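Below is one structure, written out as structure tokens; comments come after it.
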Amino acid sequence: MLELCSIASGSKGNAYVVGAEGSYLLIDCGISARRLSRALGRMGVALESIEGILVTHEHRDHVSGLENFRKKCPAPLCGTYGTLDGISRPGPGPTHAIEAGREFAVGPFRVHPFSVQHDAEDPVGFRVECEAGPVAFATDLGRVDGTVRRAIAGARALVIESNHEEEMLRAGSYPWYLKERILSDFGHLSNRASQATLAGSAHEGLEAVLLAHLSAENNRPEIALAGARRVLRANRWEGVKLLVVEQEAEGEVLVFR
């Protein structure tokens, strides 16, 4: 059995949980230790059952809660050399440097980190596999290349960024330098780019798609959902569960048997 839950997703903080066989992985730790602990408690996840904390990159919205959370849960911290170098306060507990393209094992999980293009030191996405199948995380990236497409292929659940609607961003209040950063190949995926990726990744075994890291100012959940739904329908994958993951509230726990 595979479990997946989003606890937070967006520019104010990110955290996801993957579970199998009574063990869990935390993907990113960008919210307060208090909020994260409460969310895990509501899910029935004991802190001692967390086998590892995987960090995609060193930006604050992905690591700000690490130090305090690891005082409660000193699970091994796994990140690339560049990511670990960029974390000023990782908290207590073991730290393991990982490399994109080199699979490693954590508890019952096999983890495949893959390179993504983002304005961080050495960012990665993650493909997490267990006996129940794979789940893939591809967020905080400016474009999708062959490496990303291969890593997310065949996943039972896909967490993919759908950050902004391009015209909303261009017409919005952000300063131009920030708009350029977001629109660049090292920024964030637009709805259009996310949907194009989904069109090429949908397959018979895909059961759930979580649209992640939506901009509060430059996107709307209903816009992102409508576009993704059109893609799934056009490819005759209407049975896929499609969700927007939120910034301020954890989502439902998805279970794959």
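The values are calculated or read from the model by the stated rules, or taken from the named source; none is laboratory data. What you see is a predicted model; the values in this text were computed from it and never measured. Because the Cβ atoms are built from the backbone with ideal geometry, glycine has one as well, and the counts that use them run over all protein chains shown.
Among the residues of region 228-246, just one is among the small types (G, A, S) and surrounded by 19 or more Cβ atoms within 10 Å (Cβ to Cβ), namely A228. Being under 24 Å from C73 (Cα atoms) and over 19 Å from the mean Cα position of the chain (by Cα) is a property that P92 has. Residue check: is L210 modelled with pLDDT of 95 or more, buried (at least 18 other Cβ atoms within 10 Å of the Cβ), closer than 19 Å to P134 by Cβ and among the aliphatic types (A, V, I, L, M)? Yes; evaluated as a whole, the condition is true for this residue. Scanning region 60-79 for any residue that is touching a residue at least 60 places away in the same chain (Cβ under 8 Å), under 30 Å from I182 (Cα atoms) and buried (at least 20 other Cβ atoms within 10 Å of the Cβ) turns up at least one such residue. The condition of being of a type in the set (F, W, Y), under 20 Å from H188 (Cα atoms) and crowded, with 19+ Cβ neighbours inside 10 Å holds for only one of Y16, Y24, that being Y16. When region 183-194 is filtered for residues that are crowded, with 22+ Cβ neighbours inside 10 Å and assigned to a helix (DSSP H, G or I), the ones remaining, listed by number, are N191, S194.
Residues in region 100-126 that are farther than 22 Å from G154 by Cβ and in contact with a strand residue (DSSP E or B) (Cβ under 8 Å, 6 or more places away or on another chain) were compared, and the one that is surrounded by the fewest Cβ atoms within 10 Å (Cβ to Cβ) is E121.
Here region 1-44 is the region considered, the condition is being small (G, A, S) and in a loop (DSSP other than H, G, I, E, B), and the residue that is nearest to V63 (Cα to Cα) is G30.
Each row is one residue, and each column tells you yes or no for (1) among the basic types (K, R); (2) farther than 30 Å from L242 by Cβ.
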residue	(1), (2)
L2	no, no
V17	no, no
I31	no, no
R35	yes, no
L40	no, no
H57	no, no
R70	yes, yes
C73	no, yes
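Only a single criterion out of (1) surrounded by 23 or more Cβ atoms within 10 Å (Cβ to Cβ); (2) touching a Gly at 6+ places or on another chain (Cβ under 7 Å) is not satisfied by G205, namely (1).
Pairs meeting the criteria (first residue in region 38-52 and touching a residue at least 40 places away in the same chain (Cβ under 8 Å) and under 17 Å from V106 (Cβ atoms), second residue assigned to a strand (DSSP E or B) and small (G, A, S), beta carbons under 8 Å, at least 6 apart or on different chains) are E51/S23. Against the test of being surrounded by fewer than 24 Cβ atoms within 10 Å (Cβ to Cβ), hydroxyl-bearing (S, T, Y) and touching a Gly at 6+ places or on another chain (Cβ under 8 Å), the options S32, S37, S11 yield a single qualifying residue, S32.
Restricted to region 248-257, and to residues that are surrounded by fewer than 18 Cβ atoms within 10 Å (Cβ to Cβ) and over 18 Å from G133 (Cα atoms), which residue is modelled with the lowest pLDDT? Once the filter is applied, the top-ranked residue is A249.
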